[in-house]
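The values are calculated or read from the model by the stated rules, or taken from the named source; none is laboratory data. Predicted model, so just to flag it, every value in this text is computed and none were measured. Backbone-built Cβ (ideal geometry, glycine too); neighbour counts: all protein chains shown. Side chains included, ligands, DNA and RNA excluded: accessible areas come from the protein's heavy atoms. Shrake-Rupley method; radii C 1.70, N 1.55, O 1.52, S 1.80 Å.
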Amino acid sequence: MHEDNAVWSPTEDGVALTPHQDAGDKDVEMTLRPRKLSEFVGQARVREQLELVLHGALGRGDQPDHVLFSGPPGLGKTSLSMIIATELGSSIRVTSGPALERPGDLAAMLSNLAEGDVLFIDEIHRIARPAEEMLYLAMEDYRVDIVVGKGPGATSIPLELAPFTLVGATTRSGALTGPLRDRFGFTAHMEFYTADELELVVRRSAGILGVDLRDDGAIEIAGRSRGTPRIANRLLRRVRDYAEVRADGAVTREIARAALEVYDVDEIGLDRLDRAVLRALIKSFHGGPVGISTLAVAVGEESTTVEEVCEPYLVRAGLLARTPRGRVATAAAWHHLGLTPPQHAPGEPPPGLFDE
Ligand code: ADP
């Protein structure tokens, strides 16, 4: 695989490994989404805990506690929220933090809920403050206070809500305020998937999409999917294209390798942006430590993209470390780029660089 110094941009060729949903994912994700807890691969602990929460409440005839899922994008938070509704036999309403700008937006959503409904708020850390405050009372007492008028003449009209279960999802649980976090009775952190789990995900998806996926092909795709089912499914679709256009349609290890080479996804699943981040860290900052925003500027990306999309997986892969002084490239990162890690401490110029 060739290395280059080009700044990655989402419009370039290649397959962007952003775990955020892209336009191509949208339709197919509906088909591939697991519908029942039993179809949901991996996350065994979360699944077991959730099963207890849901079935415990169902058995008592209570409304289940509000649920918060946190973790990087593409790990199944939305899928699990839909599964919760299915398991409860109720309907789900879907919205997102950025869509709830005014309390009125939220009040409209809440007052339309029927008894037992699930309300899913994606990116809940981005909800505007006044709407968030309205949510406190709604979550606690199934009630909202609608303020009518302005100034001294303003009155507040209480509105009773049907009991509901709120499911929140966030990629940044640290950005959630304490009062909001405290109102969730069950919080689950989603972990990256193991290669074995991702193999099950791609096999299941291949079955649904009718792809002739061979065992070694499944292993190869799983190993390059950055622990993320959404990426595993996306790579499967790209490899299928290659297999159909350049070969007989069967997805073998050789076909998967050749296809992913074309799409610039390396053997451990890093894409161009990931490699650009590591290269900038090593070449421009002697391996760090460097702040995330400086690093983001160096690769021409938004710092939230670097922080939320690249960093979690680079940390998990042992290529990047977060330290109080900034981000540092590990020895494994140097080796991954075919470089020899320095003997000196990260961040210091190599000995001899400034010698006469
Ligand atoms: P998130 O909300 O965390 O961004 P999604 O629930 O939208 O993630 O998952 C993205 C896609 O990945 C889903 O449409 C589904 O096809 C697939 N997926 C996610 N988790 C699983 C899983 N545990 N088993 C099977 N497929 C999964």
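Annotations
- On the stretch given as the stretch 256-282, residues that are over 18 Å from Gly227 (Cα atoms) and modelled with pLDDT of 95 or more total 9.
- Among the residues of the stretch 163-171, at least one is in contact (Cβ under 8 Å) with a residue 40 or more places away in the chain, under 26 Å from the mean Cα position of the chain (by Cα) and open to solvent by 30 Å² or more (accessible area, probe 1.4 Å).
- Residues of the stretch 295-310 that are assigned to a loop (DSSP other than H, G, I, E, B) and free of Cβ contacts under 8 Å to residues at least 40 places away in the same chain: Glu302 alone.
- Spans of helices (runs of 4 or more DSSP H) in the stretch 179-294 with at least 2 residues away from the ligand (no atom under 16 Å from the Cβ) and without any contact (Cβ under 8 Å) to a residue 40 or more places away in the chain: 215-223, 229-246, 253-262
Residues checked against (1) of a type in the set (D, E, K, R); (2) closer than 20 Å to Leu113 by Cβ; (3) modelled with pLDDT under 95; (4) surrounded by 14 or more Cβ atoms within 10 Å (Cβ to Cβ):
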position	(1), (2), (3), (4)
Gln49	no, no, no, yes
Phe69	no, yes, no, yes
Pro73	no, no, yes, yes
Thr95	no, yes, no, yes
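- Count - residues of the stretch 280-307 that are under 14 Å from Ala329 (Cα atoms) and over 23 Å from the mean Cα position of the chain (by Cα): 11
- Among the conditions (1) part of a helix (DSSP H, G or I); (2) open to solvent by 20 Å² or more (accessible area, probe 1.4 Å); (3) within 16 Å of the ligand (Cβ to nearest atom), Gly104 misses just one, which is (3).
- Number of the condition not met by Thr31 [criteria: (1) assigned to a helix (DSSP H, G or I); (2) open to solvent by 20 Å² or more (accessible area, probe 1.4 Å); (3) at pLDDT 95 or above]: (3)
- Screening the stretch 182-210 for residues that are β-branched (Val, Ile, Thr) and crowded, with 21+ Cβ neighbours inside 10 Å and picking the one that is nearest to Leu75 (Cα to Cα) gives Val201.
- Filter result (near the ligand (Cβ under 8 Å from one of its atoms) and under 21 Å from Leu180 (Cα atoms)) within the stretch 30-80: Phe69, Gly71, Pro72, Pro73, Lys77, Thr78, Leu80
- Checked against the criterion of being hydrophobic (A, V, I, L, M, F, W, C) and open to solvent by 30 Å² or more (accessible area, probe 1.4 Å), the candidates Ile157, Ile127, Ile121 yield just one match: Ile157.
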